[in-house]
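J.: Provided herewith is a single structure, encoded as structure tokens, for subsequent inquiry.
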Amino acid sequence: MSNQTDNVRIQKPFYKVLFSKFAEAGPLIALLLVVIIFASITDSFLTTRNMLSILKQSSAQCLVALGILLAILTGGNDLSVGSTLGLSMVIMGLTIHAGWNPYLSMLVCALTGAFLGLCNGLIFTKGKLPHPYIVTLGTLNIYRGLCLIITHGTPVSGMPSTITFLGSYSIEKIFPVCIFVVLLFYIIWWFMLTRTTFGRHIYAVGGNPAAARLAGINVNWVLTAVYTLSGLVSGMAALLLCGRTNSIFPTAGQTWETNAIAAVIIGGASFSGGRGSVLGTLTGVLLIQTTTNGLNILGMSSDWQTVFLGSMIILSVFIDVIRNGGFKSVKSLVKNNNKADVKK
Amino acid sequence: MQDNESVVGIVSPEVPLLELRGISKQFPGVRALDNVSIKVGKGQVHVILGENGAGKSTLIKCIIGVEKANDGQLLWNGKEIVFKDIKDAYAHGIAAIYQELSNVGCLSVVENMFMGHEILVKNTKNIVDWKAQRIRARHYLSEVGCDVDINTKFEALSMGQKQLIEIARAMERGAQLIIMDEPTASLSRFEIDQILDLMKHLRNNGVSIIFITHKLDEAKLVGDVVTVLKDGKKIGETMDIKDVTEKQIISMMVGRTLKEKYPTREHKIREKILDVEHLTGLKFTDVSFSLNRGELLGIFGLIGAGRTEMARALAGADEKAGGKIIVDGVEKHITSPKNGIKSGIAYLTENRKEEGLILIHDVVENVSLASLKSFESKMKALNLKKRSKISTDICKKLNLRPLLMKRNAMDFSGGNQQKIVLAKWVLVNAKIYIFDEPTKGVDVGAKTEIYTIMNNLLANGAAIIMITSEMEELLGMSDRVMTMYQGHKTGELVNDESTTEEKVMTLATGGKL
């Protein structure tokens, strides 16, 4: 009995619970606010057409962000996602040019991405390099360089319709297929991260690699798998991007890693690993894309949009710092501790 | 460096160089120091002896200002003073040489020696006089007999060389008192002799030394006077080291009565489950022992004994160089913790925060981490309800307080954090549990609870290896006791009435029964 009363007392007061829930839902609320604001000041923003076009345009970015999410969850990062996307697309281009079956070419695209990710993972774990930043910074350049070498820097347009189907076809001329592809991957990712042993291992590796290893987790295997999956979704993103633009171009996905990292962080993931969610990531990507779209309609120059995005990243993490008590004085923390002790 | 025995003990001036009066230090839940008074004369080697956790290191920290004493006075040359920090103490002439030296590994010897008090070019405020630094560094290195190039990176040096350089640095700054905290703990025989010779040399030059150690032979060799600490208290008076025997000191270090805080268990030792043969690694050599179901083997040793290293190799956490591990009659090649768990060995680390818990994750997550596979359905999906229920049940059984499964591990007290780690390993259903300092930093009530959990494991047929630095816990819990000293197994005793703390301590300090 006494245990139960103890528990009740130690539970946070209602308003604090509400605040913490509110803060967790922060990105989602921000997204809603952005939509409401733009809807109220422009006419052309909140239309089905514009909304769907935002989703369509952000589909490839959404997939890339899934890869970055995994890497960040393990306490690492994958800077090579954009280049992986580019090289997967270019390799697919080669197979199309050679007259392969389009379905086979699509498979090649996804598998190339996975293979490039596997390379990242193996170089990192087998080479015992200190941080994945270094590996993926290297492959960011290597993969992009290969794109330019293979294509001689020139884009090719006009793809077979089978290839462009996923990226550009719309059901009933309204609902883009790519949205369903993205949705499918987000559901798989969500399931994998929350409902499978592998998913929980990813979080554990990010939360404390030493403890994870001693608990019997093969940390290197988990890391390799994570970078492989990151490559895989980059390859899938290449497919969507190629479909939407109906072309293959060597600069595809260039600098996408920055936006994707921003999305994951805005979505509440911790840069040091072990914390982050699929829903948060989706919200983060959509928040960035919606804001960009709205500002475009308002006629803000893309230069200023860049400044705006940068501020948004810092602000979102700053809110997180406040939420975690980063600005509370030692005095108030001690006071809280004493209170808790008394309650015990 | 000629040893000059005649100088020993002649200096006992009226005003001691350093005097501590009634120093007390309280940590949450523990009285680390209780009214400790000592005097250190000029040119005297003052040995402080005590078991692990006796309060030796805390005493040093209180002297140099790293910790603030709650009570008591510190007199330096007869004047009361409080050092703000280690730098302040250094400026007054006290140098402390720690077990873990505070140096920058990637910088050179000379850079480390002058870090924070660089020699400057005349009439400038911030231009380093490299030439002068090099000359002085070379001079003092030759003084301490350290034969390394001053441009060597610090991390490339051996432990003994690092110690010598620290001493050279203290001499360069004209320290009057050098505090050495277990300086010989992880050194080779040759390096130990070098350090001890240097200590005698320093003393003969009028430098005082506080020498913290648990090695009686070394204390006898270089010490002038000795003070024994136990449980934060000074035992008896400071004595002239020539007047006491090793036996007397050992009984002072351990002498206490066993209290009834250990839950009784029925000793039902069953068939053999583990054979360790000639296990060898980086810090331990040729360790062999066996273990039976239902049996608790206590391993005792002081700092540098290699107990933890041996246990880690056994569990697959660290690489081993040789030896056989036989579980249930089958030789197991354990190369990773994953492998170890599969072979039935669970290892609970000594540092739960660094290696035991994922502090930013909740209790369920932490408790289920090592046994996630058992919550998988046929479709490989986790059954979250089952996971939550079983985790909650085990935590309830272990009396986790508060029983909030969604709370992050970092928000629990030390004892309850330890219960979370225990719960994780209980769920694994191992055959052999290795508990490394299972009650470190845990309050008395939780300690007894942890002992009960261990007894239950034993009753269910598991075997336990318990590494501990607490003699009381060792004798209160073990069926058998094994001692280690400097990487070697030095003895094994069945824990009955004839097993005394003195016997164990003698074995653990390299002595013979």
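The values are calculated or read from the model by the stated rules, or taken from the named source; none is laboratory data. From a predicted model like this one, the values you see are computed outputs, not experimental measurements. Methodologically, a virtual Cβ is constructed for each residue, glycine included, from the backbone with ideal geometry; neighbour enumeration extends over all protein chains shown.
J.: Quick check on region A:208-230: of everything there that is surrounded by fewer than 22 Cβ atoms within 10 Å (Cβ to Cβ) and out of contact with any helix residue (DSSP H, G or I) (no Cβ under 6 Å at 6 or more places or on another chain), which residue is farthest from the other protein chains (Cβ to nearest Cβ)?
T.: A:ALA225
J.: I would also like to ask the following. Would you check if there is a residue in region B:221-239 being out of contact with any helix residue (DSSP H, G or I) (no Cβ under 7 Å at 6 or more places or on another chain) and within 11 Å of B:GLN44 (Cβ to Cβ)?
T.: Residues of region B:221-239 out of contact with any helix residue (DSSP H, G or I) (no Cβ under 7 Å at 6 or more places or on another chain): B:227, B:231-234, B:237-239.
Restricting the remaining residues to those that are within 11 Å of B:GLN44 (Cβ to Cβ) gives B:238.
Yes, because at least one residue in region B:221-239 is out of contact with any helix residue (DSSP H, G or I) (no Cβ under 7 Å at 6 or more places or on another chain) and within 11 Å of B:GLN44 (Cβ to Cβ).
J.: Right, here's the next one. Pick from A:LEU223, A:LEU166, A:LEU140: which is closer than 30 Å to A:GLY99 by Cα and modelled with pLDDT of 95 or more?
T.: Working: A:LEU223 fails: closer than 30 Å to A:GLY99 by Cα; A:LEU166 fails: modelled with pLDDT of 95 or more.
After ruling out the rest, the residue left standing is A:LEU140.
J.: OK, next. On the basis of being free of Cβ contacts under 8 Å to residues at least 40 places away in the same chain and among the hydrophobic types (A, V, I, L, M, F, W, C), does A:ILE150 make the cut? Give the derivation first.
T.: Values: free of Cβ contacts under 8 Å to residues at least 40 places away in the same chain: no; among the hydrophobic types (A, V, I, L, M, F, W, C): yes.
In short, no.
J.: Looking only at helices (runs of 4 or more DSSP H) that lie completely in region A:1-78, which have at least 2 residues being at pLDDT 90 or above? Can you show your working first?
T.: Working: elements: A:2-10, A:14-24, A:26-41, A:48-73.
Here the list reads A:26-41, A:48-73.
J.: Mind checking whether some residue in region A:84-91 is over 23 Å from A:SER161 (Cα atoms), surrounded by 24 or more Cβ atoms within 10 Å (Cβ to Cβ) and touching a residue at least 40 places away in the same chain (Cβ under 8 Å)? Write out each step before concluding.
T.: To start, the set of residues in region A:84-91 that are over 23 Å from A:SER161 (Cα atoms) comprises A:84.
From what's left, surrounded by 24 or more Cβ atoms within 10 Å (Cβ to Cβ): A:84.
Retained after the next criterion (residues that are touching a residue at least 40 places away in the same chain (Cβ under 8 Å)): A:84.
Checking region A:84-91: at least one residue is over 23 Å from A:SER161 (Cα atoms), surrounded by 24 or more Cβ atoms within 10 Å (Cβ to Cβ) and touching a residue at least 40 places away in the same chain (Cβ under 8 Å).
J.: I would also like to ask the following. For residues that are surrounded by fewer than 16 Cβ atoms within 10 Å (Cβ to Cβ) and of a type in the set (A, V, I, L, M), tally how many sit in region B:149-158. Show your work before the answer.
T.: The initial filter retains those residues of region B:149-158 that are surrounded by fewer than 16 Cβ atoms within 10 Å (Cβ to Cβ), namely B:149, B:151-153, B:155-156, B:158.
Subset that is of a type in the set (A, V, I, L, M): B:156.
Total meeting the criteria: 1.
J.: Right, here's the next one. Would you please list the contacts, defined by Cβ atoms under 7 Å and residues six or more apart or on different chains, that run from a residue in region A:235-256 that is touching a residue at least 60 places away in the same chain (Cβ under 8 Å) and in a loop (DSSP other than H, G, I, E, B) to a residue that is of a type in the set (A, V, I, L, M, F, W, C) and surrounded by fewer than 24 Cβ atoms within 10 Å (Cβ to Cβ)?
T.: A:ASN246/A:MET159; A:PRO250/A:LEU148
J.: Which condition from (1) loosely packed, with under 15 Cβ neighbours inside 10 Å; (2) without any contact (Cβ under 8 Å) to a residue 24 or more places away in the chain; (3) not small (Gly, Ala, Ser) is the one that B:GLU118 breaks?
T.: It fails just one condition, (1).
J.: For region B:62-104, which positions are assigned to a loop (DSSP other than H, G, I, E, B) and touching a strand residue (DSSP E or B) at 6+ places or on another chain (Cβ under 7 Å)? Can you show your working first?
T.: Filtering region B:62-104 for residues assigned to a loop (DSSP other than H, G, I, E, B) gives B:65-70, B:77-78, B:81-85, B:93, B:98-104.
Across region B:62-104, the qualifying residues are B:GLU67, B:ALA69, B:ASN70, B:ILE81, B:VAL82, B:GLY93, B:TYR98, B:GLN99.
J.: Hey, another quick one. Which one of these is more than 14 Å from chain B (Cβ to nearest Cβ), surrounded by 21 or more Cβ atoms within 10 Å (Cβ to Cβ) and either aliphatic (A, V, I, L, M) or more than 23 Å from A:LEU118 (Cβ to Cβ) (or both): A:VAL233, A:VAL205?
T.: Working: A:VAL205 fails: more than 14 Å from chain B (Cβ to nearest Cβ).
None of the others qualify; the one that does is A:VAL233.
J.: Could you say whether any residue in region B:497-507 is in a helix (DSSP H, G or I) and farther than 27 Å from B:ALA305 by Cα? Explain how you work it out, then say what you get.
T.: Filtering region B:497-507 for residues in a helix (DSSP H, G or I) gives B:501-507.
Those left that are additionally farther than 27 Å from B:ALA305 by Cα: none.
The answer is no, given that none of the residues of region B:497-507 is in a helix (DSSP H, G or I) and farther than 27 Å from B:ALA305 by Cα.
J.: Would you please list the contacts, defined by Cβ atoms under 7 Å and residues six or more apart or on different chains, that run from a residue in region B:149-168 that is closer than 19 Å to B:MET180 by Cα to a residue that is basic (Lys, Arg) and at pLDDT below 85?
T.: none
J.: If I filter region B:426-462 down to residues being touching a Gly at 6+ places or on another chain (Cβ under 7 Å) and on the phi < 0 side of the Ramachandran plot, which single residue comes out as modelled with the lowest pLDDT? Explain how you work it out, then say what you get.
T.: Filtering region B:426-462 down to residues touching a Gly at 6+ places or on another chain (Cβ under 7 Å) leaves B:430-432, B:441-443, B:446, B:458, B:461.
Okay, now just the ones that are also on the phi < 0 side of the Ramachandran plot, so B:430-432, B:442-443, B:446, B:458.
Numbers: B:ALA430: 94, B:LYS431: 95, B:ILE432: 96, B:VAL442: 74, B:ASP443: 68, B:ALA446: 78, B:LEU458: 94.
By that ranking, first place goes to B:ASP443.
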